[in-house]
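Remarks on the structure that follows.
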Amino acid sequence: MQEKFTALTPALYDYLVAYNPPPDPVLRDLAAETKALGPISRMQIAVEQGVFLTFLARALGARRAVEIGTFTGYSAISIARGLVPDGTLLCCDLNEEWTAIARRYFARAGLAERITLRIAPAIETVRALPRAPEIDLVFIDADKTGYRGYYEELLPRLRPNGVLIFDNVLWSGHVIDPDDHSTSTEAIRALNDAVARDRRVEAVMLPVSDGITLVRKL
């Protein structure tokens, strides 16, 4: 099926981005401030991922959403903007410095009342949530070794037909490098294998940015 694969060149990527809704001033300024942090800014999601998260939240009619790994807030704003009017987003992160930027932009976007940010180990925050299947949408973009634990804790709390999204499932191509046995790479490989075999869900992996997997609870 490789004849159906289109490699993205920088010019073709620019074309793709141009045909997506552009970031508004809030997201544009947030991206610029995040870029000024230096190489760590690579942790921010891509522009088209932000558009996709808003689109998906709206398509699901999502009311309750959870994010694991907030960084400076681009993905959180994208998700929160797609929620129904009374929807809420719970964000989990450990870093006060980066999330201080997020808080400022949550307020500027008019979303501060709809987003709850918990600074604590995400697995502890998730385990403290009710086990009722009430969550509509989950976005996981944090420590790769924690992915499997987040998955197992959040899946029972996801409603049927709710969607969980993993970011970085291609890990810059390292997942197919036979010489890469780093902890994060092995964790992503193990997660990808586990999700593909999990009969509780239906999953699709897509080459969006660094690879995302969408998991629908059956």
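Given 0.36 nm per residue, what is the gain on full extension from residue 134 to residue 35 after removing their alpha carbon distance, in nm? Mind dumping the intermediate values first?
Working: separation 99, 0.36 × 99 = 35.64 nm, distance 3.54 nm.
My answer for the length gained is 32.1 nm.
For the chain, what's the relative contact order in percent, using C-alpha pairs closer than 8 Å and at least 6 residues apart? Please list the in-between numbers first.
On the way: 346 pairs, mean separation 34.0, N = 218.
Averaging sequence separation for qualifying contacts and normalising by length gives 16 percent for the chain.
Over region 149-218, what relative contact order in percent results from Cα pairs under 8 Å that are six or more residues apart?
Values: 82 pairs, mean separation 31.5, N = 70.
RCO, region 149-218: 45 percent.
I'd like the per residue volume of the convex hull spanned by the Cα atoms of region 153-197, given in cubic angstrom.
Spelled out: Cα convex hull of region 153-197, divided by residues, is 85 Å³.
Can you tell me the convex hull volume per residue for region 1-97, based on C-alpha atoms, in Å³ to the nearest whole number? Mind showing how you got there, number by number?
Numbers: hull volume 14.5 nm³, N = 97.
Spelled out: Cα convex hull of region 1-97, divided by residues, is 150 Å³.
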- Ordering 208-217, 8-17 by per-residue average of other C-beta atoms within 10 angstrom, highest first, gives 208-217, 8-17
- Message: For region 75-144, compute the orientation-averaged projected area of the C-alpha convex hull (one quarter of its surface), in nm².
- Response: 5.0 nm²
- Each residue of region 119-132 in order: what ³J(HN,Hα) in whole Hz does its phi give by Karplus 6.51 cos²θ - 1.76 cosθ + 1.60, θ = phi - 60°, with x for Gly and Pro? 9, 5, x, 4, 5, 5, 4, 5, 5, 7, 6, x, 7, 5
- Message: If I stretch the segment between residue 97 and residue 116 completely, what's the gain in nm (0.36 nm per residue apart, minus their alpha carbon distance), one decimal?
- Response: 5.2 nm
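If you add up the charges near residue 78, with Lys and Arg at +1 and Asp and Glu at -1, over every other residue whose beta carbon is less than 14 angstrom from its beta carbon, what do you get?
Working: positive: 28, 58, 81, 114; negative: 24, 48, 67, 141, 167.
So the environment of residue 78 carries a net charge of -1.
At 1.4 Å probe size, with every protein chain present, just tell me what the per residue accessible area of the chain comes to in Å².
52 Å²
Quick check: at a probe of 1.4 Å, how many percent of the accessible area of the chain sits on carbon and sulfur atoms?
Roughly 58 percent, rounded to a whole number.
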- For region 76-161, what's the relative contact order in percent, using C-alpha pairs closer than 8 Å and at least 6 residues apart? 28 percent
- Query: Between residue 139 and residues 5 or more places away or on another chain, which pairs have amide H atoms under 5 Å apart, with H built 1.01 Å from N, and which residues are they?
  - Reply: 66, 67, 68, 165
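Go ahead and run the numbers for FRET between residue 179 and residue 15, Cβ-Cβ distance against an R0 of 35 Å, rounding to 0.05. Please report the intermediate quantities before stating the final value.
Details: r = 34 Å, r/R0 = 0.98.
Calculated value: 0.55.
The values are calculated or read from the model by the stated rules, or taken from the named source; none is laboratory data. Small disclaimer: the values here were computed from a predicted structure and weren't measured. Reconstructed Cβ throughout: ideal geometry from the backbone, glycine too, with neighbour counts over all protein chains shown. Each accessible area value is taken on the protein alone, full model and side chains, heavy atoms only, with ligands, DNA and RNA left out. Shrake-Rupley method; radii C 1.70, N 1.55, O 1.52, S 1.80 Å.
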